[in-house]
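Written below as structure tokens is the structure these notes are about.
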């Protein structure tokens with residue numbers, strides 16, 4: 001098709017909002033077992049997450065109708081299935097109970113505790129049981145503990161309790177040692193945790209419990225595992241990055257040779273696996289360089305990158321012949337990969353579809369730019385790209401700044417159907433890893449302490465200035481959008497600055513104090529870290545609460561909200577909408593009654609994209 005000149009932001013594209021919404025199908029978790037590899041896959045078209053088993057190159061869905069795999073422990077879940085000798089244990093989304101499924105039989109319930117949720121599952125082959133993190137919702141408090149559930153009859157035994165939070169129960173190969181991560185309020189798991197280990201007696205009860213690492217309040221540990229010699233490994237950030245450490249003969253942790261980079265992201269979800277202990281002391285490692293992931297094996301062949309066509313790696317697993325993982329790429333959907341351990345050949349077992357011709361994909365360019373106070377900030381830039389269209393010679397494209405949630409999270413240089421939806425239509429997109437994001441070391445990650453609502457807003461504004469200096473965008477037509485914590489940043493940017501011509505808040509925080517009163521236990525102290533104690537630092541809350549400064553917002557806004565959201569309650573968003581409308585600010589509001597914190601239904605995802613596009617086009621036309 002010959003190209004034609006069209007105004008930026010108004011380019012026609014066959015890549016529809018429905019296409020983009022359907023493309024949000026993704027893989028969640030992956031494990032090896034049952035003679036093959038298993039993964040869970042979310043499909044927005046039916047709203048379910050199903051388990052798949054691939055053996056000898058043939059994949060089959062194991063999850064019958066009426067079931068869906070998803071944990072809601074800590075609200076964000078993870079570790080929703082584990083693999084046993086003859087079947088799998090999984091958390092059913094609707095009731096949050098544990099089920100066992102033999103390959104030749106339908107699932108049967110292992111638990112029936114309506115006040116409990118389960119997650120972070122780990123199979124105990126010696127005792128034919130499932131280790132799980134149990135979250136009990138009592139009338140006055142939410143309690144967490146590690147439990148063991150027998151596969152045969154669902155008998156339950158408490159293994160560890162007393163700490164505020166637990167994660168990552170893991171057994172040594174001989175079943176004689178149990179390791180886990182724990183932490184107490186007011187910490188978050190990316191700030192300070194403890195690595196604990198216990199010996200198990202003949203009945204499987206914990207004895208001689210000790211804290212192996214994390215006694216100090218400035219070390220975060222995650223993803224413990226045992227190697228084939230029974231030595232405990234863990235990722236620790238005591239040297240500034242999450243890197244692998246291994247237990248020595250004296251029981252102390254020693255740093256292993258690796259890149260000076262984060263080898264994992266902030267542990268918002270349970271069940272992550274970003275490195276593997278292999279035979280002979282070797283490791284399979286993944287880490288980030290300038291925001292792009294690298295995968296390599298230590299030991300023999302050390303430093304030779306694997307799967308170089310991919311830019312993000314997660315859920316690593318292995319058997320004698322293959323490495324398995326979920327990988328993201330810049331030009332196609334996430335894929336389940338099998339990497340031959342001898343030839344290093346990559347085979348795609350599932351996913352990886354190229355939904356757009358490669359020539360039509362806007363590819364991420366790593367950004368590294370100076371902030372207003374001379375520090376360094378990171379992100380990715382996606383130029384407008386549609387081979388059938390070009391913009392007027394005398395104009396520059398409008399910009400959409402994507403602000404990720406968390407805020408202690410990150411954006412990744414992988415194919416994002418939403419970003420391609422915008423670049424296909426003549427928008428430039430900048431995906432911002434503001435100071436406070438993970439994957440750039442502990443100091444960068446902690447930069448938001450007490451400074452939320454200021455530092456990341458300054459970074460968004462510095463980003464616009466940087467892109468303008470490069471001549472890549474029109475700074476007068478810059479918009480900002482974000483979900484959850486990214487919505488807070490969006491509202492702060494519009495209330496306390498004039499850099500942006502409009503914005504979109506998707507279930508965004510407009511009243512931090514209201515969020516603090518209603519949020520769940522996992523994030524119960526997060527606001528105090530981000531902004532400070534509301535009694536001691538009342539002025540910060542006053543100064544950085546968009547709802548209290550709605551009169552300063554003059555730029556138009558569009559809001560999207562889930563009616564079942566338990567993190568940012570609908571009433572919070574509706575108060576903000578009402579305050580703006582009372583002053584005559586141009587506002588749109590869309591509430592999806594059956595969505596939670598993060599939209600999952602394809603129809604809603606598509607509607608939100610269309611509504612947001614129409615909103616920006618109105619502003620570009622005015």
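The values are calculated or read from the model by the stated rules, or taken from the named source; none is laboratory data. As the structure is a prediction and not an experimental result, all values here were calculated from the model. No Cβ is skipped: glycine too gets one built from the backbone with ideal geometry, and neighbour counts run over all protein chains shown.
For the stretch 367-377, a residue qualifies if it is part of a strand (DSSP E or B) and surrounded by 14 or more Cβ atoms within 10 Å (Cβ to Cβ), and the qualifying residues are 367, 369, 377.
The condition (being surrounded by 24 or more Cβ atoms within 10 Å (Cβ to Cβ), part of a loop (DSSP other than H, G, I, E, B), touching a strand residue (DSSP E or B) at 6+ places or on another chain (Cβ under 7 Å) and in contact (Cβ under 8 Å) with a residue 40 or more places away in the chain) is satisfied by just one residue among 392, 407, 384: 384. Restricted to the stretch 297-308, and to residues there that are in a loop (DSSP other than H, G, I, E, B) and within 21 Å of residue 272 (Cα to Cα), the residue that is modelled with the lowest pLDDT is 298.
Taking the stated definitions as given, is residue 577 touching a strand residue (DSSP E or B) at 6+ places or on another chain (Cβ under 8 Å) and either surrounded by fewer than 20 Cβ atoms within 10 Å (Cβ to Cβ) or over 26 Å from residue 399 (Cα atoms) (or both)?
On the way: touching a strand residue (DSSP E or B) at 6+ places or on another chain (Cβ under 8 Å): yes; either surrounded by fewer than 20 Cβ atoms within 10 Å (Cβ to Cβ) or over 26 Å from residue 399 (Cα atoms) (or both): no.
Here the answer is no, as residue 577 does not meet what is asked.
Looking at this structure, is residue 482 touching a helix residue (DSSP H, G or I) at 6+ places or on another chain (Cβ under 6 Å), in the same structural domain as residue 396 (by TED's automatic domain parsing), touching a residue at least 60 places away in the same chain (Cβ under 8 Å) and under 30 Å from residue 221 (Cβ atoms)? In short, yes.
For the stretch 368-378, the criterion of a residue being touching a strand residue (DSSP E or B) at 6+ places or on another chain (Cβ under 8 Å), without any contact (Cβ under 8 Å) to a residue 12 or more places away in the chain and on the phi < 0 side of the Ramachandran plot is satisfied by at least one position. Residue 355 satisfies every condition listed in (1) surrounded by fewer than 20 Cβ atoms within 10 Å (Cβ to Cβ); (2) touching a residue at least 12 places away in the same chain (Cβ under 8 Å); (3) more than 24 Å from residue 30 (Cα to Cα) except (3). Does residue 399 satisfy the condition of being more than 21 Å from the chain's Cα centre (by Cα) and either surrounded by fewer than 16 Cβ atoms within 10 Å (Cβ to Cβ) or not assigned by TED's automatic domain parsing to the domain that holds residue 445 (or both)? The answer is no for residue 399.
All of (1) modelled with pLDDT of 95 or more; (2) closer than 21 Å to residue 439 by Cβ; (3) part of a loop (DSSP other than H, G, I, E, B); (4) out of contact with any helix residue (DSSP H, G or I) (no Cβ under 8 Å at 6 or more places or on another chain) hold for residue 294 with one exception: (3). Taking the criterion of being buried (at least 21 other Cβ atoms within 10 Å of the Cβ) and within 30 Å of residue 446 (Cα to Cα), the residues of the stretch 195-220 that qualify are 195, 196, 197, 213, 214, 220. Taking the criterion of being touching a strand residue (DSSP E or B) at 6+ places or on another chain (Cβ under 6 Å), without any contact (Cβ under 8 Å) to a residue 12 or more places away in the chain, over 24 Å from residue 76 (Cβ atoms) and in the same structural domain as residue 447 (by TED's automatic domain parsing), would at least one residue in the stretch 556-563 satisfy it? Within the stretch 556-563 (the criterion being touching a strand residue (DSSP E or B) at 6+ places or on another chain (Cβ under 6 Å), without any contact (Cβ under 8 Å) to a residue 12 or more places away in the chain, over 24 Å from residue 76 (Cβ atoms) and in the same structural domain as residue 447 (by TED's automatic domain parsing)), the answer is no, since none of the residues qualifies.
For the stretch 306-321, the criterion of being over 30 Å from residue 228 (Cα atoms) and either loosely packed, with under 14 Cβ neighbours inside 10 Å or in contact with a strand residue (DSSP E or B) (Cβ under 7 Å, 6 or more places away or on another chain) (or both) is met by at least one residue.
Yes/no matrix, rows are residues, columns are (1) under 20 Å from residue 133 (Cβ atoms); (2) in a loop (DSSP other than H, G, I, E, B):
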{"residue": "170", "(1), (2)": "yes, no"}
{"residue": "179", "(1), (2)": "yes, no"}
{"residue": "189", "(1), (2)": "yes, yes"}
{"residue": "202", "(1), (2)": "no, yes"}
{"residue": "211", "(1), (2)": "yes, no"}
{"residue": "216", "(1), (2)": "no, yes"}
{"residue": "234", "(1), (2)": "yes, no"}
{"residue": "239", "(1), (2)": "no, yes"}
{"residue": "245", "(1), (2)": "no, no"}
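What is the number of the single condition among (1) in a helix (DSSP H, G or I); (2) under 23 Å from the mean Cα position of the chain (by Cα); (3) under 17 Å from residue 495 (Cα atoms) that residue 579 does not meet? Result: residue 579 passes all but (2). Given the condition out of contact with any helix residue (DSSP H, G or I) (no Cβ under 7 Å at 6 or more places or on another chain), outside any loop (DSSP other than H, G, I, E, B), touching a residue at least 40 places away in the same chain (Cβ under 8 Å) and crowded, with 24+ Cβ neighbours inside 10 Å, answer yes or no: does some residue in the stretch 446-457 qualify? Taking every residue of the stretch 446-457 in turn, none turns out to be out of contact with any helix residue (DSSP H, G or I) (no Cβ under 7 Å at 6 or more places or on another chain), outside any loop (DSSP other than H, G, I, E, B), touching a residue at least 40 places away in the same chain (Cβ under 8 Å) and crowded, with 24+ Cβ neighbours inside 10 Å. Being out of contact with any strand residue (DSSP E or B) (no Cβ under 8 Å at 6 or more places or on another chain), in a helix (DSSP H, G or I) and under 21 Å from residue 506 (Cα atoms) is a property that does not hold for residue 443. Check 184, 120, 124, 174 and return the single one that is more than 28 Å from residue 67 (Cα to Cα) and either crowded, with 16+ Cβ neighbours inside 10 Å or in contact (Cβ under 8 Å) with a residue 40 or more places away in the chain (or both). Checking each option against the conditions leaves just 174. Among the numbered conditions (1) modelled with pLDDT under 95; (2) out of contact with any strand residue (DSSP E or B) (no Cβ under 8 Å at 6 or more places or on another chain), the only one that residue 568 does not meet is (2).
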